[in-house]
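The values are calculated or read from the model by the stated rules, or taken from the named source; none is laboratory data. No experiment lies behind these values; they were computed from the predicted model shown. Cβ placement follows ideal geometry from the backbone for every residue including glycine, while neighbour counts extend to all protein chains displayed. The protein model used for the area step is the full one, side chains on, heavy atoms only, and it has no ligands, DNA or RNA in it. Shrake-Rupley method; radii C 1.70, N 1.55, O 1.52, S 1.80 Å.
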Amino acid sequence: MALIYQCLVFACLAVVPLVTASGIQVNRLHWRITAINGFSWANCDAETLPGKIKTLTILPDPLLIPGEITVTTILNTSVPLTAPVKIVVTAEKEIMGEWLKIPCMENVGSCTYDDFCDLLDQLIQPGQSCPEPLHTYGLPCHCPFQEGSYYLPVSMFEVPSLSIPSWFSKGNYRVKVVVSHEGQEIGCGKITFSLAGSYL
């Protein structure tokens with residue numbers, strides 16, 4: 001379903017703060033992402049939950065930034081999703097062979113979003129057309145999400161040059177996203193990826 005896909009892409013592209021064994025390092029220098037490598041995904045529930053990622057392909061690998069990204073996906077849900085939809089993101093960074101949890105900082109990292117439907121309404125005003133390519137393929141961008149299959153054919157996007165604070169660091173990351181409604185877990189997906197970059 002479109003909601004899980006949006007969460008996974010958000011978690012990947014939002015990137016995460018650098019966490020070391022001694023705590024968080026915040027640096028005033030800026031850092032430019034040059035590539036996202038080794039993107040992989042999986043359902044983390046043995047595919048027993050009603051919301052599932054059936055396919056998700058993001059190319060090329062590595063994704064060079066700036067550059068063009070190609071995405072195709074099929075997402076299924078056997079139950080409708082109505083507000084409030086809760087999303088719990090757990091983000092981790094590999095440090096010296098250990099996976100350390102990244103805290104939630106300015107709504108990025110290991111954060112809980114109590115109503116993702118409300119966030120969507122803030123990003124795209126209700127009544128406004130969904131952005132491309134969702135509009136072309138009739139995919140929703142607001143709750144409720146009806147039960148069924150959501151298919152995004154091969155679609156191309158331009159990723160601009162990204163200059164960000166240096167606490168968005170190069171390295172290996174993994175992100176787990178759990179979607180629930182009124183205490184019932186609907187879907188669970190996990191992604192892994194690596195970031196490469198340079199200081200400006």
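Observations, loosely collected:
- With all protein chains in place and a 1.4 Å probe, the accessible surface of region 86-200 carries 52 percent carbon and sulfur.
- The simple Förster model, with R0 at 45 Å and r as the Cβ-Cβ distance, assigns residue 184 and residue 64 a FRET efficiency of 0.65.
- 1.4 Å probe accessible area per residue over region 39-101, in Å²: 48 Å²
- Extension gain, residue 78 back to residue 123 (0.36 nm per residue minus Cα-Cα distance, nm): 13.6 nm
- Förster-model FRET efficiency, 30 Å R0, residue 172 and residue 112, C-beta, rounded to 0.05: 0.80
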